[in-house]
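Chemist: The following block contains the structure, expressed as structure tokens.
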Amino acid sequence: MFPESSNVTWYSYEDCKVTADWLLSYTSVRPLVGIVCGSGLGGLADMLKDQQVINYNDIPNFPQSTVHGHAGKLVFGTLKGKACVCMQGRFHLYEGYPIQKTTMPIRVFKLMGVQTMILTNAAGGLNQDFTVGDIMVIKDHINIPGFAGNNPLVGPNDERFGVRFPCMSDAYDRGLQQLAHDVAAELGFSAFMREGVYSVLGGPSFETIAECRMLRLLGADAVGMSTVPEVIIARHCGMRVFALSLITNQAVMDYDSEKKANHEEVLETGKQRAKDLEKLVSTMVSRVELDNNTLQ
Ligand code: HPA
């Protein structure tokens, strides 16, 4: 019944429903907010109260997380009274999964009743005004793998999730972006809050200098290896989306630079700014408006 093998490239509505129903029978939490924790940012999940935790490898259909710094657990619980589900560890293209597999949990969240998705990631800063430790509210994205046909919506479209050709000009909810800036100001975080355009690449190699320069010319402020496929799937099925990047390193743009991007720096910055990011997201969650009309 479960498409376990790695050559499966997409999941049907029924496959996702089986997983969602299985999870709903596993947990008493009825999540309205879904959170995806980026590299080194898994601490967000630890803030949930009355936790019910399940490893990905115990969930029917779920891919397994292979990246160092990603735990591979689904955490249910409440954050300031709001029912949440948190992915502690996400799936990336560079792990070798077909793109539809990396985004499958987002559809499962939708079928569990999630209305609002909050996604976090670690990213390299392309905008020269950004510094390491900045938090960037994502206002738009550039989907580079999508240019080459690697979009999670490729394949048969099931109208029960959404339309064949979904709009992406409103992908990032304006109200939630404003909320992030308001909450950041209250918390005294404005000095390191930014907003900008996130560009996704397939990875796992970091970018060359020429690639970073190209991305900057295209209008990207930060570069990473995740989030965008999840955003596309979440918007396709009508969820509100908010996403932010922790700028963990400056992308190398200059041939005279001695700097080299590395995963350890990414994780180390995550550790240093993680508490602030957790505070920001948890305060936002406490203020997010939800309606009871879950399915569109
Ligand atoms: N490039 C791509 N992905 C990243 C980076 C980067 O510089 N930093 C964190 N994730």
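Chemist: Taking SER199 and the conditions (1) surrounded by fewer than 24 Cβ atoms within 10 Å (Cβ to Cβ); (2) under 18 Å from VAL252 (Cα atoms); (3) not acidic (Asp, Glu), which numbered condition does it fall short on, given that it satisfies the others?
Modeler: The number of the failed condition is (1).
Chemist: Does any residue of the stretch 229-239 turn out to be part of a helix (DSSP H, G or I), away from the ligand (no atom under 13 Å from the Cβ) and among the basic types (Lys, Arg)?
Modeler: Yes, there is a match, as at least one residue in the stretch 229-239 is part of a helix (DSSP H, G or I), away from the ligand (no atom under 13 Å from the Cβ) and among the basic types (Lys, Arg).
Chemist: Scanning the stretch 164-205 for residues that are closer than 26 Å to THR131 by Cα, over 19 Å from the mean Cα position of the chain (by Cα) and assigned to a loop (DSSP other than H, G, I, E, B), which turns out farthest from the ligand (Cβ to nearest atom)?
Modeler: Looking at the filtered set, the residue picked out is GLY188.
Chemist: From LYS271, LYS259, grab the single residue that is more than 26 Å from GLY96 (Cβ to Cβ) and outside any loop (DSSP other than H, G, I, E, B).
Modeler: LYS271
Chemist: State whether the residues of the stretch 87-102 include one that is more than 17 Å from the chain's Cα centre (by Cα), closer than 23 Å to GLU264 by Cβ and surrounded by fewer than 22 Cβ atoms within 10 Å (Cβ to Cβ).
Modeler: Yes.
Chemist: How many residues, within the stretch 20-51, are farther than 22 Å from LEU290 by Cβ and crowded, with 22+ Cβ neighbours inside 10 Å?
Modeler: 5
Chemist: Output the residues belonging to the stretch 129-156 that are within 14 Å of the ligand (Cβ to nearest atom) and either under 19 Å from VAL197 (Cβ atoms) or polar (S, T, N, Q) (or both).
Modeler: Hits for the stretch 129-156 are PHE130, THR131, VAL132, ASP134, ILE135, MET136, ILE138, HIS141, ILE142, ILE144, PRO145.
Chemist: Count, please, the residues in the stretch 206-228 that happen to be in a helix (DSSP H, G or I) and either within 11 Å of the ligand (Cβ to nearest atom) or under 24 Å from PHE109 (Cα atoms) (or both).
Modeler: Residues in the stretch 206-228 being in a helix (DSSP H, G or I) and either within 11 Å of the ligand (Cβ to nearest atom) or under 24 Å from PHE109 (Cα atoms) (or both): 4 in total.
Chemist: Exactly one of (1) within 17 Å of LEU32 (Cα to Cα); (2) in a loop (DSSP other than H, G, I, E, B) is unmet by VAL252. Its number?
Modeler: (1)
Chemist: Determine which member of the set MET284, MET214 is of a type in the set (A, V, I, L, M, F, W, C) and touching a residue at least 12 places away in the same chain (Cβ under 8 Å).
Modeler: Step by step, each of MET284, MET214 is checked, and only MET284 is of a type in the set (A, V, I, L, M, F, W, C) and touching a residue at least 12 places away in the same chain (Cβ under 8 Å).
Chemist: If you don't mind, there's one more thing I want to ask. Is it true that THR248 is near the ligand (Cβ under 10 Å from one of its atoms) and under 17 Å from the mean Cα position of the chain (by Cα)?
Modeler: Criteria met by THR248.
Chemist: Given the conditions (1) buried (at least 19 other Cβ atoms within 10 Å of the Cβ); (2) small (Gly, Ala, Ser); (3) within 23 Å of VAL114 (Cα to Cα), and given that ALA184 satisfies all but one, which numbered condition is not satisfied?
Modeler: It is condition (3) that ALA184 fails.
Chemist: Sticking with this structure for a sec: Looking at (1) within 20 Å of ALA171 (Cβ to Cβ); (2) within 14 Å of the ligand (Cβ to nearest atom); (3) outside any loop (DSSP other than H, G, I, E, B), which is the only condition GLU265 fails?
Modeler: Among (1) within 20 Å of ALA171 (Cβ to Cβ); (2) within 14 Å of the ligand (Cβ to nearest atom); (3) outside any loop (DSSP other than H, G, I, E, B), GLU265 violates only (1).
We did not get these values from a lab; they are worked out from the coordinates using the rules stated. The structure presented is a predicted model; accordingly, all values stated were derived computationally and were not measured. Note that we place each Cβ from the backbone using ideal geometry, even for glycine, and neighbour counts take in every protein chain shown.
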